[in-house]
Amino acid sequence: MTYLDPLAELIRSCLPPGATPPADADDLFRLYAVLLRAKGEQVRDEDVHDAWSAWMQTIDSSHDALVPFEELDSRTRAADTPYAEAIRAAARHLEGQRDRRPAASS
């Protein structure tokens with residue numbers, strides 16, 4: 001278990017019911033957790049596609065993943081949106097947890 005695992009699970013839990021990530025996508029969700037830590041709610045669909053591309057290349061050397069986001073057809077581009085939204089939802093959830101913490105006394 002890595003320090004990214006809880007964030008990866010949070011992102012996965014924020015996916016809409018219809019989204020079905022591959023069963024072996026733990027490393028992909030860890031990449032998404034890195035995006036969450038780096039960009040929070042500023043994650044874009046393009047960022048998600050780039051992370052997915054990196055993951056695809058590590059698991060099967062897929063060159064299909066090398067297609068730039070803006071060159072993908074609209075249906076394929078739309079497939080990245082639920083994942084970007086899940087990362088942003090996870091970022092809001094984490095921010096909400098920070099907001100609820102009691103202020104540190106001096």
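The values are calculated or read from the model by the stated rules, or taken from the named source; none is laboratory data. If you're wondering where the values come from, they're calculated on a predicted model, not measured in any experiment. Don't worry about glycine lacking a Cβ; one is built from the backbone with ideal geometry, like all the others, and counts go over all protein chains shown. Note: areas computed on protein heavy atoms with side chains; ligands, DNA, RNA excluded. Shrake-Rupley method; radii C 1.70, N 1.55, O 1.52, S 1.80 Å.
Results, tabulated for the structure shown:
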read-out: Exposure ranking of Y3, Y83, Y32 by accessible area [1.4 Å probe, largest first]; value: Y3, Y83, Y32
read-out: Separation in nanometres of the label points that stand 7 Å from Cα toward Cβ, at L66 and T20; value: 3.1 nm
read-out: Net charge of neighbours whose Cβ lies under 14 Å from the Cβ of C14, counting Lys and Arg as +1 and Asp and Glu as -1; value: -1
read-out: About the Cα centre, charge dipole magnitude for the chain (Lys/Arg +1, Asp/Glu -1 at Cβ), debye; value: 680 debye
